[in-house]
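A short worksheet on the structure shown next.
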Amino acid sequence: MSALMDKLWAGKDSHPTKGAQYTDSRVAGKACYARDMTTISLFPTLIYAARLPAKGLGKFNAQLLRECRQLRADDTAGQRWSKKNYPGGFTSYNSACRMHTLSPTFAALERRVNRHVRRYAESLQLDLMDRELTMTDCWVNIMPKGVVHGLHLHPLSTISGTYYVQTPKGCSAIKFEDPRLDRFMAAPPRHADCDAENKPWYHVPAEAGKLVLFESWLRHEVAPNPVATERVSISFNYSWF
Ligand SMILES: [Fe+2]
């Protein structure tokens, strides 16, 4: 019996290894091994979402948006890379990918995100062993109508996330995939209205002023932007090593 199961059974008046028989009061007189059954939830996938404080947020986002667009105009390496790898859109993922070191506005975003990353790391119960989780990468994504952000994860990173700068009404959400999907094999589908933690995919709406954090190994994608206005976000990685 594992320590975990011992803990789960602690305080109960019967124990699967100690009692020879358990009698369920609902089945008078019959031996029953289901008494005190419990179901435990293990190996969770935690996704963190938060809004930045509303004070001054409109001005802050407007400045970020100006800089994102300016970067698109100036970053010729990013334009070339996007043409090949992000058709119709712009990303500085492979060019200006450390924007927090280049722009005071992006550095301010880093400071605002840091406290959320710390809180998320606490909820993951990570033992960071006195080493800091630090922002290593920070880049811009601009998705005009029809542009898609294919399924991917963030290699060489611990925690990743996105901050939303401009999210026109009706724009695509970020879609996360159950990391065990390839192991389900013959498993039946889930009920359409099943709880969030049992869904094979989960959408988190994109909303300007909101940030979403996830562990970097978690695959995600953004469906084509269906609306005329550009969807603008800033993505980032935090590393521990
Ligand atoms: Fe991503």
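The values are calculated or read from the model by the stated rules, or taken from the named source; none is laboratory data. Since the model is a prediction, treat every value here as computed from it, not as a measurement. Counting neighbours? That spans all protein chains shown, and the Cβs are built from the backbone with ideal geometry, glycine included.
Output the residues belonging to the range 183-214 that are under 19 Å from the mean Cα position of the chain (by Cα), over 30 Å from residue 56 (Cβ atoms) and not polar (S, T, N, Q). Of everything in the range 183-214, those that are under 19 Å from the mean Cα position of the chain (by Cα), over 30 Å from residue 56 (Cβ atoms) and not polar (S, T, N, Q) turn out to be 195, 196, 197, 199, 200, 201, 202.
Number of residues in the range 173-201 that are more than 16 Å from the ligand (Cβ to nearest atom) and without any contact (Cβ under 8 Å) to a residue 60 or more places away in the chain equals 20.
Among the candidates 138, 171, 97, the residue that is under 17 Å from the mean Cα position of the chain (by Cα) and of a type outside the set (Lys, Arg) is uniquely 138. When residue 94 is tested against (1) closer than 15 Å to residue 213 by Cβ; (2) surrounded by fewer than 20 Cβ atoms within 10 Å (Cβ to Cβ), exactly one condition is not met: (1). Identify the residue in the range 183-231 that is part of a loop (DSSP other than H, G, I, E, B) and basic (Lys, Arg) and, among all such residues, is surrounded by the fewest Cβ atoms within 10 Å (Cβ to Cβ). Out of the qualifying residues, it is 190.
This table checks each residue for (1) aliphatic (A, V, I, L, M); (2) within 15 Å of residue 165 (Cα to Cα); (3) in a helix (DSSP H, G or I).
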site: 50; (1), (2), (3): yes, yes, no
site: 70; (1), (2), (3): no, yes, yes
site: 94; (1), (2), (3): no, no, no
site: 126; (1), (2), (3): yes, no, no
site: 139; (1), (2), (3): no, yes, no
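Need the failing condition index for residue 54 against (1) without any contact (Cβ under 8 Å) to a residue 60 or more places away in the chain; (2) exposed (fewer than 12 other Cβ atoms within 10 Å of the Cβ), just the number. Result: residue 54 passes all but (1).
Here the condition is being part of a helix (DSSP H, G or I) and either under 20 Å from the mean Cα position of the chain (by Cα) or within 18 Å of residue 236 (Cα to Cα) (or both); of 80, 118, it holds for 118 alone. Filtered by the rule that a residue be out of contact with any Cys (no Cβ under 7 Å at 6 or more places or on another chain), assigned to a strand (DSSP E or B) and more than 10 Å from the ligand (Cβ to nearest atom), the range 151-172 gives 159, 163, 164, 166. Scanning the range 76-91 for residues that are more than 16 Å from residue 66 (Cα to Cα) and surrounded by 19 or more Cβ atoms within 10 Å (Cβ to Cβ) turns up 78, 82, 86, 89.
Of all residue pairs spaced 6 or more apart or on separate chains, none has beta-carbon atoms under 7 Å together with a first member in the range 140-157 that is closer than 16 Å to residue 92 by Cα and free of Cβ contacts under 8 Å to residues at least 24 places away in the same chain and a second member that is within 10 Å of the ligand (Cβ to nearest atom) and not in a strand (DSSP E or B). Scanning the range 141-150 for residues that are out of contact with any helix residue (DSSP H, G or I) (no Cβ under 8 Å at 6 or more places or on another chain) and either assigned to a strand (DSSP E or B) or under 20 Å from residue 204 (Cβ atoms) (or both), we see that the one that is farthest from the ligand (Cβ to nearest atom) is 147.
Criterion first (polar (S, T, N, Q), within 20 Å of residue 152 (Cβ to Cβ) and modelled with pLDDT of 95 or more) does residue 94 satisfy it? If you could, list the steps in order and put the result at the bottom.
Values: polar (S, T, N, Q): yes; within 20 Å of residue 152 (Cβ to Cβ): yes; modelled with pLDDT of 95 or more: yes.
For residue 94, the condition - polar (S, T, N, Q), within 20 Å of residue 152 (Cβ to Cβ) and modelled with pLDDT of 95 or more - is met.
Test residue 110 against the criterion of being within 21 Å of residue 209 (Cβ to Cβ) and either surrounded by 15 or more Cβ atoms within 10 Å (Cβ to Cβ) or modelled with pLDDT of 95 or more (or both), and give yes or no. Spell out how you get there, then give the answer.
Numbers: within 21 Å of residue 209 (Cβ to Cβ): yes; either surrounded by 15 or more Cβ atoms within 10 Å (Cβ to Cβ) or modelled with pLDDT of 95 or more (or both): yes.
Yes, satisfied.
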